[in-house]
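Student: Mind having a look at this structure? Questions to follow.
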Amino acid sequence: MEKTLFTLFLGLFIFSAALNFLLLKWTRTLEGKNDVNSNESRWSDDYKPAIGGISFFIVFLIAFLVYFFLFNDHSLSLVSTEMGFIAAVVLGFFTGLVDDTFNMVPWLKFIAQMTCGVILVLADVNIDLFGVYALDAFLTIFWTIAVMNSINMLDNMDGITTIASIGILLSAGVCALPLDMTSIFFILICGGIIASLFGFLLFNWNPAKMFMGDTGSQLLGALLAGVGVVFFWNNENIILDHHWYSKAAIVLTAFVIPIADSITVTINRLKRGQSPFLGGRDHTTHHLSYAGLSDRQVALVYVAIAGLSMLLISMLNFLNDQFLIIYIAGLLTYSFLIITFLYSTTMWKKSKSKFETTQLSSQT
C-alpha cells in the first residue's frame with residue numbers, strides 16, 4: 001500500500017504543479033484586477049493572481065475519487081464522518097470563492113465558518129475533551145472558526161500559509177502511523193493536499209507568482225480543523241491515555257505557527273483599540289521583516305519551526321510510557337517558547353520602530 005500511496009502522491013504533485021502553471025498562464029491573458037484589500041493585508045504591492053485554491057480543490061476531489069473507487073468498501077455509500085468532512089471542506093472552498101469574487105461581508109463569512117463547524121459536529125468529527133456533548137460541540141465549532149480565520153490571517157507573505165499547512169498535515173500523517181485501512185480516507189485526503197501544496201509552493205515561494213486567496217485558505221482552514229480533531233485532539237493511536245494535557249500539547253505543537261500569529265495579532269490590535277479581524281501589516285511575519293530579515297529568510301524561519309514541530313510530534317511513536325508525561329511537558333514548553341518568541345518580535349526596538357513608521361506613512 002505504501003508504494004501505491006507514494007505513486008499517487010507523486011502523480012498529484014506533478015498534476016498540481018502543471019495545473020498551477022496553466023492557471024498562471026491563463027490569468028496572464030486576462031486583465032489583472034487588484035484585490036480591494038491588497039494595500040491593507042498583502043505584503044506585496046504587485047498584482048499576483050489569488051488562484052491557488054483552485055488546484056487544492058481539484059486535487060482534493062481527485063483524492064476523494066481515488067478513495068471512493070479504489071479503497072471504499074462501503075459499496076456506493078460513505079460513512080457519516082467521511083461525508084461530513086467532505087461537506088465541510090467543500091463549503092470552506094465555496095466560502096472562500098465567494099469572498100474572493102464578491103468580497104463577502106464579515107458576518108456572512110462567520111456564519112459559513114460556523115456552519116462548517118456544525119457539519120463536523122453532526123458528522124461526529126467532534127472534539128472529545130469535556131465528556132459533555134454540548135460543551136464538546138461548542139468547542140469544535142469554536143475550533144473550526146478559529147482555525148479557518150487563523151489560516152486566512154496567516155496568508156500574508158509568500159509561502160507562509162503553505163509552509164504551515166504542510167507542517168500540520170505531515171504531523172497528522174505521523175500521527176496516522178501505522179498505515180491501515182481504517183485511516184485510509186484521511187491518509188489519501190491529507191496526502192493529496194500535501195502534494196497540491198508542494199505543487200503550489202513552486203509558484204508561491206518568494207518571490208511568489210501567485211497567492212492561494214481566500215479560496216485556498218478557507219478550504220485549508222476547514223480541512224485542517226477536521227484533521228486536527230481526528231489526529232490531534234482525539235487520536236488515541238499515538239497516545240493510549242490521551243488526556244486534556246496531552247491533547248493541548250499536541251494541538252499547540254502542530255498548530256503553533258497559526259496560533260502564535262493569531263494570538264500576537266489579537267493582543268496587539270486590542271491594545272491599540274483596533275479590530276483583530278481586519279487586514280494589516282502587523283503579523284509576526286511582517287515584524288520579522290521589519291527586524292531586518294528578507295522575505296525568504298522569514299519563510300525559512302517558519303520552515304524550521306514547522307519542521308521542528310513535526311519532528312517533535314513524530315518522537316511520540318518511539319517513547320516509552322514512563323517518559324510520556326515528561327515529553328508532554330516538553331511539548332508544552334516548546335509551544336510556549338515559540339509563541340513567546342514570535343510575539344516578542346513585535347516588541348523588538350527595530351521592528352517596533354519600523355512598524356510605527358509604516359503605520360504613520362499609511363495614514364498620511
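We did not get these values from a lab; they are worked out from the coordinates using the rules stated. What you are looking at is a predicted structure, and each value in this text was computed from that prediction instead of being measured. As a convention, Cβ positions derive from the backbone with ideal geometry for all residues, glycine included, and neighbour counts pool all protein chains shown.
Student: Can you give the longest run of the chain that contains no GluC sites (Glu not before Pro) sitting in a DSSP loop with at most 10 other Cβ atoms inside 10 Å?
Tutor: 32-235
Student: Can you give me the long-range amide H partners of residue 50? Hydrogens built in the peptide plane at 1.01 Å from N, cutoff under 5 Å, separation of 5 or more residues or another chain.
Tutor: For residue 50, whose amide H was placed from the backbone, the distant partners under 5 Å are 211.
Student: Additional query: In µm²/s, what is D for the stretch 202-259 at 20 °C and 1.002 mPa s, where D = kT/(6 pi eta Rh) by Stokes-Einstein and Rh is the Kirkwood radius from Cα pairs?
Tutor: Answer from the Stokes-Einstein relation: 162 µm²/s.
Student: Using label points projected 7 Å from each Cα along Cα→Cβ, tell me how many nm separate residue 296 and residue 138, to one decimal.
Tutor: 5.0
Student: Give me D for the stretch 163-303 in µm² s⁻¹, whole number, from Stokes-Einstein with Rh from the Kirkwood sum over alpha-carbon pairs, 4 °C and 1.567 mPa s.
Tutor: 77
Student: Let me know the Kirkwood hydrodynamic radius for the stretch 145-221, please, with Cα pairs as the basis and the value in Å to one decimal.
Tutor: 13.0
Student: Above 16 angstrom, tally the Cα pairs of the stretch 73-178 and express them as a % of all pairs, no decimals.
Tutor: The answer is 67 percent, as a whole percent.
Student: Provide the packing ranking of 132-143, 89-100, i.e. peptides ordered by the mean count of other C-beta atoms within 10 Å per residue, highest first.
Tutor: 89-100, 132-143
Student: How large is the dipole of the chain about the Cα centre if only Lys and Arg carry +1 and Asp and Glu carry -1, each at its Cβ, rounded to the nearest 20 debye?
Tutor: The dipole of the chain has a size of about 1180 debye.
Student: So which helices of the chain fit the span-like rule, where a helix is a whole DSSP H run, its Cα atoms reach 18 Å or more along the axis, and its mean Kyte-Doolittle is at least 1.0?
Tutor: The answer, listed by residue number, is 2-28, 52-66, 80-102, 106-122, 133-154, 160-175, 184-204, 295-314, 324-344.
Student: Which of 21, 331, 97 sits closest to the plus end of the dipole of the chain, meaning its Cα is farthest towards the positive end, when Lys and Arg get +1 and Asp and Glu get -1 on the C-beta?
Tutor: Highest projection toward the positive end goes to 21.
Student: By its C-alpha gyration tensor, with a ≥ b ≥ c as the square roots of the eigenvalues, how is the stretch 108-159 shaped: rounded for a/c under 1.5, else prolate for a/b larger than b/c, else oblate?
Tutor: Prolate.
Student: So what's the net charge close to residue 351: Lys and Arg +1, Asp and Glu -1, counting the other residues with Cβ under 12 Å from its Cβ?
Tutor: +3
Student: When the label point is put 7 Å from the Cα of residue 277 along its Cα-to-beta-carbon vector, which residues of the stretch 209-228 have a backbone N closer than 13 Å?
Tutor: Counting only backbone N, you get no residues.
Student: If you average the sequence gap of Cα pairs under 8 Å that are 6 or more apart and divide by the length of the chain, what percent do you get for the contact order?
Tutor: 24
Student: Below 13 Å Cα-Cα, how many Lys pairs turn up in the chain? Only count pairs eight or more apart in sequence, or on different chains, if you could.
Tutor: Within the chain, the lysine pair count is 4.
Student: Relative to the compact-globule scaling 2.2 N^0.38 Å, provide the ratio for the alpha-carbon radius of gyration of the stretch 226-338.
Tutor: 1.23
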